[in-house]
Structures are given as C-alpha cells and as structure tokens.
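Every number here is computed from the coordinates shown, using simple stated rules; none is lab data. What you see is a predicted model, and the numbers here were worked out from it, not measured in a lab. As a convention, Cβ positions derive from the backbone with ideal geometry for all residues, glycine included, and neighbour counts pool all protein chains shown.
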DNA sequence: ATCCAGGGGGATT
DNA sequence: AATCCCCATGGA
C-alpha cells in the first residue's frame, strides 16, 4: 500500500529496524514491513527498502533530526574501531543510529525502565497515552499522544497502568517539571543538564545519561545498566568493577563517542546473550557470531 | 518456587 | 564510598 502521500529519502549507514528496536525509544509498532511511530503530536510510518527510507505523516526535516541522520555515525564508528574489543559490537550494530527524541517523552520512558524490560516499558507508555493522551494524527494515522507534564490524573486511575513503584515517581515527576523547565534545560551545558535531571524523582545517573544521550544529543553520555556493566567487565576491563568505575573508565577511554559505543554494546550483548559476556575467548575480529547458549535469547 | 528485569533512594556500614 | 534493602509487577 503505497499511498500518494508517501515520500522517500535516500539513507546510508542506516538500519531502521535495528535503530528503533534497540531500546532507545518506545513508541513504535511494527505494521507488516513498516513501523508506526508516535512522537508528541506526530503519527507517522516508516519503511526501509535498502537505502531508501519511505515515510508518510512527517516532514523530512523532522525525520532526519529524530533518527540522527544528520550526524556522522561513520566517523564515530571509525574512531571507535581503534578499540579492538569494541569491533564485534560495532560489526553487529551496522546501521545503528542514536535517536534524538522529545525530552519529556524520553524522561517518562526511562523512568518506567527501572528494573523492567523493553516490552513492558512499551506497554506502559502505550497505556499512559491511551488513558491520558489526546487524540493526534489524521486519516489512518491516528493515535493518542503521551500526556504532557500535569496531564496524568492523580485520582487512582494511574494504577490501571500497572507501573508498580514507578507510578508514584511519575506523579511526582510531572509536578516537578513543566514546559518551561524542560525548555530551559535544553540550553544548559551538559554537566548542568545532568545535575538538574538528577534532582528529579526517579532520575538517577543511569536515567539521566539516557536522557542526555537519546534526547539532548550529548554523544559523550554513557548510560551504564546491568548489561553494559557485565559486557564491559567481560570484554574490556576483564575484571569486576562497580558502576561508578565503569562510567569513569568509559568516559575517559571513549570520550565523545561513548554514547554510540554504549548503544552498540547494548544491542550486541543482548543479541548474542552469553557469548558477549564470557571472559574466555579473546575479542575476535570478524562479524557477530550467533552464539546463543541455549534459550538465553534475552532479547529479540 | 525462585530469579531477574535498560534503577532509584534512603539507611547502614 | 561501598553495600544493603525495598520499592511493584511480570515473565521465564
């Protein structure tokens, strides 16, 4: 079904499915060969065929910025290749991009991410939108937007979303920020952005770094979750280390490319399961090996 | 049944 | 500054 309103864009070094399904962004839904996304009041569909990206429901300028197509991922990947231990992850993550999403929506998503998993986070944000969001889109591209700060009712209805202990944090979060707060944060230096983000309920170092990387365009941010801790300990440091030490080490080693490295490691570790986490084999060059040890496919 | 999931926050050591 | 524990669900 190629509507007359469908347009296309030539893309290179880009894998739509890998980028969308890498856990940076949660409001997407597969529709056959296409993906339907909701970003604030935009509802749009994307479909990749080789180096052609077909899209409808958005304008090109927004799409290019949102998908990070205006940034030189090849350059970052070439610099990162100097680190031999990163090569398997980079090879696996060909076409990966770092998205640049809405600040508030990113905050909500990663607030919901605490001790959760991607399918559940996606369900949580969909439920929030269904319950509190206003109708957006037009034609066959209609959906509910994620509620803006203050629009989540504090009347007990939130419990139907089954957020667990994250529910109260979300209610407190929407009281602490408003559109002005969010807008002024964007103009601050990165260190200040991080500090202010961490004053918010439910936002610690990891969530703050996710927001810096996936919404504020801070390429040096390096979110450390359990997967990243394990894969860094196994493949790079080759010893145990705490979250703090890993952050420091990655930041000083990877610098401005840390964020891309982190996301490549994340998708690689999840797709290869235990293979990415074993200390025994030296980091081999060559492509990703489908090294799943028994049903340990914690990801898809 | 038991463990763990893209953590945060407060208390204790 | 490192460690413990709890937070509420859900899926394996």
Computed [θ] at 222 nm, deg cm²/dmol, chain A (DSSP H ≥ 4; -39,500 (n - 2.57); rounded to nearest 500): -11500 deg cm²/dmol
Pull out the extension gain between residue A:175 and residue A:153, defined as 0.36 nm times the separation in residues minus the alpha carbon to alpha carbon distance; nm, one decimal. 6.8 nm
Using only Cα atoms, locate the centre of the stretch A:151-178 and the centre of the stretch A:43-64, then give the distance between them in Å, rounded to an integer. 33
So residue A:162 and residue A:244, fully extended at 0.36 nm per residue minus their Cα-Cα distance, gain in nm 26.4 nm
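Using the beta-carbon distance between residue A:8 and residue A:142 and R0 = 25 Å, what value does 1/(1 + (r/R0)^6) give for FRET efficiency, to the nearest 0.05?
Working: r = 23 Å, r/R0 = 0.91.
So the FRET efficiency works out to roughly 0.65.
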Label points 7 Å out from Cα along the Cβ direction at residue A:40 and residue A:237: separation in nm? 3.9
A correct Kirkwood calculation over the Cα atoms of chain A returns a hydrodynamic radius in Å of 20.1
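Find the Cα radius of gyration of the stretch A:36-86, compare it with 2.2 N^0.38 Å by division, and give the number to two decimals.
That ratio works out to 1.50.
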Using every alpha carbon pair in the stretch A:160-284, what percent of pairs falls into each 10 Å bin from 0 up to the bin containing the largest distance? 12, 37, 30, 17, 4, 0
Volume in Å³ per residue [convex hull over Cα atoms, computed for the stretch A:209-268]: 67
What Rg and what Dmax come out for the stretch A:168-220 when only alpha-carbon atoms are used, in angstroms? 10.6, 31
Taking square-rooted eigenvalues a ≥ b ≥ c of the alpha carbon gyration tensor, is the stretch A:55-198 rounded, prolate or oblate, where a/c under 1.5 means rounded and, failing that, a/b exceeding b/c means prolate? prolate
By what distance, in whole Å, do the Cα atoms of the stretch A:61-117 stretch along each of the three principal axes, largest value first? 35, 35, 14
Quarter of Cα convex hull surface for the stretch A:191-235, i.e. mean projection, nm²: 3.4
